[in-house]
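The next block holds one structure in the form of structure tokens; read it before the comments.
The values are calculated or read from the model by the stated rules, or taken from the named source; none is laboratory data. Note that this is a predicted model, so its numbers are computed, not measured. Quick reminder, even Gly has a Cβ in these numbers, built from the backbone with ideal geometry, and neighbours come from all protein chains shown. Areas reflect the complete protein model, heavy atoms only, side chains present, ligands, DNA and RNA absent. Shrake-Rupley method; radii C 1.70, N 1.55, O 1.52, S 1.80 Å.
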Amino acid sequence: MGWDPHSKESYDGAYRGQFPGGKPGQAPPWHLDDAQPRIKELAALGVLRGDIADIGCGLGSSAIYLGCHGYSVTGLDASPAAIQQAAQRAEAAGADVTFAVADATELAEYEGAFDTVLETGLMHSLDAAARRDYARAVYRAARSGARWFIYCFSTHTVNGVPSNLGVDQDEIRELLAEAGWTIEYFGTGTYEFDFDTYAPIAMWAGQPDETDFPDSVRRLRAILPLIPDGEPVYVPAWVIYARRP
């Protein structure tokens, strides 16, 4: 299977265990069995309120974590395979979470539905035009005063580890402003990967398309062998908090 980082079909295939470089049936490298640390931080800070949307929820780890802690959460993803597995995982965990297949660039069925919107790793998977549609769609799905917490790949590095799909800061600021969002915070952070799934796939990254990300591939091949097995891998991310007026 060819891999297109901006294709819904590619991501659905990844959730069916068909990610290039991974083992058959293996979860995609961005999946964690637990919530991303940044989501846990937001919960600990008490800033998550009302009806929450986890857009691009994948296999539902963050949504399930919040559901287990009493939050009202809807997990949305364009991948039917991801949503099916997320619902099964939520049931097994005893978490009361609603999951549904939805296109993040439309969200037509969710107008004015959410007080809080979460995103961990979706914006960078969209092309430039889709990112603008996405910002507008989330604005329509959010209620007045709603906050949108965004964690997407950035253009800097963490200890030399890059992210291949980093989005330019100026582009994000522009598209959020165009959609009507007010940015409250824009900074740098990290996105956590599980080493056991990330390392072999990242080491594969240059084959057969090494020209796509040559600098990233060279750095990853040099750095990843130095990370002990079982340790997490952190890649650079933007941390963005925006409010709907």
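The lone criterion from (1) surrounded by fewer than 19 Cβ atoms within 10 Å (Cβ to Cβ); (2) at pLDDT 65 or above; (3) of a type in the set (Val, Ile, Thr) left unmet by Val233 is number (1).
Do we find that Gly50 is exposed (fewer than 15 other Cβ atoms within 10 Å of the Cβ) and touching a residue at least 60 places away in the same chain (Cβ under 8 Å) in this structure?
Numbers: exposed (fewer than 15 other Cβ atoms within 10 Å of the Cβ): yes; touching a residue at least 60 places away in the same chain (Cβ under 8 Å): yes.
Taking the combined requirement at face value, the residue satisfies it.
Going residue by residue through the stretch 74-91, is there one that turns out to be in a helix (DSSP H, G or I), surrounded by fewer than 21 Cβ atoms within 10 Å (Cβ to Cβ), of a type in the set (A, V, I, L, M, F, W, C) and modelled with pLDDT under 95? Within the stretch 74-91, none of the residues are in a helix (DSSP H, G or I), surrounded by fewer than 21 Cβ atoms within 10 Å (Cβ to Cβ), of a type in the set (A, V, I, L, M, F, W, C) and modelled with pLDDT under 95.
Quickly run through the stretch 122-146 and pick out the residues that are farther than 23 Å from Ser62 by Cβ and either part of a strand (DSSP E or B) or free of Cβ contacts under 8 Å to residues at least 12 places away in the same chain (or both). Within the stretch 122-146, Ala129, Ser144 meet the criteria. Against the conditions (1) under 18 Å from Trp181 (Cα atoms); (2) modelled with pLDDT under 95, Asp133 satisfies every one except (2).
For the stretch 99-117, the count of residues that are open to solvent by 10 Å² or more (accessible area, probe 1.4 Å), touching a His at 6+ places or on another chain (Cβ under 9 Å) and closer than 16 Å to Tyr11 by Cβ is zero. Please indicate, with yes or no, whether at least one residue in the stretch 148-158 is open to solvent by 10 Å² or more (accessible area, probe 1.4 Å), assigned to a helix (DSSP H, G or I), touching a residue at least 60 places away in the same chain (Cβ under 8 Å) and not small (Gly, Ala, Ser). No, the conditions are met nowhere in the stretch 148-158. Under the condition of being in a loop (DSSP other than H, G, I, E, B), under 19 Å from the mean Cα position of the chain (by Cα) and among the charged types (D, E, K, R), the residues counted in the stretch 29-55 number 2.
Here Gln26 passes the criteria (1) of a type in the set (S, T, N, Q); (2) under 14 Å from the mean Cα position of the chain (by Cα); (3) open to solvent by 20 Å² or more (accessible area, probe 1.4 Å) except the one numbered (2).
Name the residue that is nearest to Arg143 (Cα to Cα), counting only residues in the stretch 37-76 that are touching a Phe, Trp or Tyr at 6+ places or on another chain (Cβ under 8 Å) and among the charged types (D, E, K, R). Among residues in the stretch 37-76 that are touching a Phe, Trp or Tyr at 6+ places or on another chain (Cβ under 8 Å) and among the charged types (D, E, K, R), the one nearest to Arg143 (Cα to Cα) is Asp51.
If you check Ala177, Ala242, which single one turns out to be closer than 23 Å to Ala130 by Cβ, at pLDDT 95 or above and in a strand (DSSP E or B)? Selected residue: Ala242, the only one of Ala177, Ala242 that is closer than 23 Å to Ala130 by Cβ, at pLDDT 95 or above and in a strand (DSSP E or B).
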